[in-house]
Amino acid sequence: MGRILVGTCSWTDRALVGSGWYPVGRRDAEGRLRHYAERFPVVEVDASYYALPGVRNSRLWAERTPDGFVFDVKAFSLLTGHPTRKAVLPGGLRADHRDPEVLDEVWARFAAGIEPLRRAGRLGSVLFQFPPWFRPGERAETYLRECAERTRGWPISVEFRHPAWWETDRAEDTSALLAGYGMAAVAVDMTQTLPSSVPPVTAVTSPRLSVVRFHGRSTAWGTGSKEDRFRYAYGEEELAQWLPRVRRLAERAEQVHVLFNNCCGDAAVRAAECMTRLLDCEAGAGPGAGRVPRTRSAPASTPSPGRRPTRARSSSSSRSRGGAG
C-alpha cells in the first residue's frame, strides 16, 4: 500500500492568511510554512504558476520544513500555454510560448529555480495543468512529448482541463499516453453539472505517484471570479465518498497526493484536516498518523533537465484566457 499525503494547494493564499488559521506569532513567511508543515506532509506551490520560482525561496522552503515533507510545484504559466504577463519574465523576453528561444530560457530558469527542492529530495512533483483549450490531438501530443524530453528525471503530474481527455471513449488512450512518459494522471473533484466539467477518472499512469485535486463543486467554475469558483466547503460525506478511490490509487502507486484547491478562507485546510481524520479512522491509525515522518529523504541523483537538444515549437493555443486554479 502506498503512502497517502494530504495537503492544500498553497499555504500563502491571501484568504487563508486572513482567515485566522495561522496563530499569532506565526504569521510571517517562515512561521506560516513551519505551522503548515507541522500539520500536513505535502503542499502545492501555486506561486510558480504566476512567476518563475527562485533558487533562494526553494532553498528556504527545504530548510524550514521537516524531513519527509514534499512540495508539488505548479509549472509556470508560459510552459503550459496560459497567458503570461511580460512583467514576470526575465528582462528582454517576450511572453510568447511559441518562440523556441523564449521557451529554452524559461525552461532553464524554471529548472534552476526548483533545483534546491529536487536536490533535497523535497520535490513531490511538477504539476502541468493544461488549459481548457488544450484539447486531444496531434499538436497536444507533440507538446506532451516535448515536456517529457525537457523534464526527464523529474516526477511529473498532468491535469487536463478539457473534459474530452477523460471521456469514456478516450480515457484508455489518455492513460496510455501519460503512462508512456511516466507522467502521473491527476484526478479531479469538481461540479459535474457544466459542459466543461472534467469527469473524476482515477487512472494510475505512474507507479511512483498519483494525484487527486479537489477544486470544490461551485457551479461558477469557469465563469465567476476566483472567489466564486473556489468558494466551497466540503462536507464529511462528500469526502468519505472518495476514500475507496484514494485507497485503490494507493494500492497501485507508491504515493498518493490528495490536495485541496477550494482556497477560499480556511475551507481548504479544514477539508484537508477532515480527509486526514477520515483516512486515519478508516485505517485504524492512532492520533497524528497523517503527520510527516522524521525519516530523511534521499536526495535525487538524476541530472537536472534544462534545454533540449533540438528545438521544437510549442503547439498550445495562444488564445487569451483567465488564470488557472
Considering only residues that are crowded, with 23+ Cβ neighbours inside 10 Å and among the polar types (S, T, N, Q), which ones fall in region 55-98? Ser58, Ser77, Thr80, Thr84
Could you please find all residues in region 27-45 being modelled with pLDDT of 95 or more and either closer than 19 Å to Arg213 by Cβ or outside any helix (DSSP H, G or I) (or both)? Asp28, Tyr36, Glu38, Arg39, Phe40, Pro41, Val42, Val43, Glu44, Val45
The one condition in (1) open to solvent by less than 30 Å² (accessible area, probe 1.4 Å); (2) on the phi > 0 side of the Ramachandran plot that Val126 fails to fulfil: (2)
By residue number, the members of region 61-95 that are under 22 Å from His162 (Cα atoms), touching a residue at least 24 places away in the same chain (Cβ under 8 Å), out of contact with any strand residue (DSSP E or B) (no Cβ under 8 Å at 6 or more places or on another chain) and in a loop (DSSP other than H, G, I, E, B) are Phe76, His82, Pro83
Any residue that is among the basic types (Lys, Arg) and open to solvent by less than 10 Å² (accessible area, probe 1.4 Å) - is there at least one of those in region 210-221? yes
Filter region 238-263 down to residues that are in a helix (DSSP H, G or I), open to solvent by 10 Å² or more (accessible area, probe 1.4 Å) and in contact with a Lys or Arg (Cβ under 9 Å, 6 or more places away or on another chain), then give me how many there are. 1
Verdict on Val158 being in contact with a strand residue (DSSP E or B) (Cβ under 8 Å, 6 or more places away or on another chain) and within 13 Å of Thr80 (Cα to Cα): yes
Extreme residue, least open to solvent (accessible area, probe 1.4 Å), among residues of region 153-206 that are charged (D, E, K, R) and over 16 Å from the mean Cα position of the chain (by Cα): Arg170
Are any residues in region 18-54 among the β-branched types (Val, Ile, Thr) and either touching a helix residue (DSSP H, G or I) at 6+ places or on another chain (Cβ under 7 Å) or open to solvent by less than 20 Å² (accessible area, probe 1.4 Å) (or both), and if so, which ones? Val42, Val43, Val45
Region 118-143 residues that are closer than 29 Å to Ser58 by Cβ, paired with ones that are surrounded by fewer than 17 Cβ atoms within 10 Å (Cβ to Cβ) and among the hydroxyl-bearing types (Ser, Thr, Tyr) (beta carbon under 6 Å, 6 or more apart): Gly121/Ser297
For region 129-147, enumerate the residues that are surrounded by fewer than 18 Cβ atoms within 10 Å (Cβ to Cβ) and under 17 Å from the mean Cα position of the chain (by Cα). Pro132
Any residue at all in region 156-179 that's hydrophobic (A, V, I, L, M, F, W, C), more than 25 Å from Gly7 (Cα to Cα) and in contact with an Asp or Glu (Cβ under 8 Å, 6 or more places away or on another chain)? yes
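The values are calculated or read from the model by the stated rules, or taken from the named source; none is laboratory data. Every value quoted in this text rests on a predicted model; they were computed, and no experiment measured them. Backbone-built Cβ (ideal geometry, glycine too); neighbour counts: all protein chains shown. Side chains included, ligands, DNA and RNA excluded: accessible areas come from the protein's heavy atoms. Shrake-Rupley method; radii C 1.70, N 1.55, O 1.52, S 1.80 Å.
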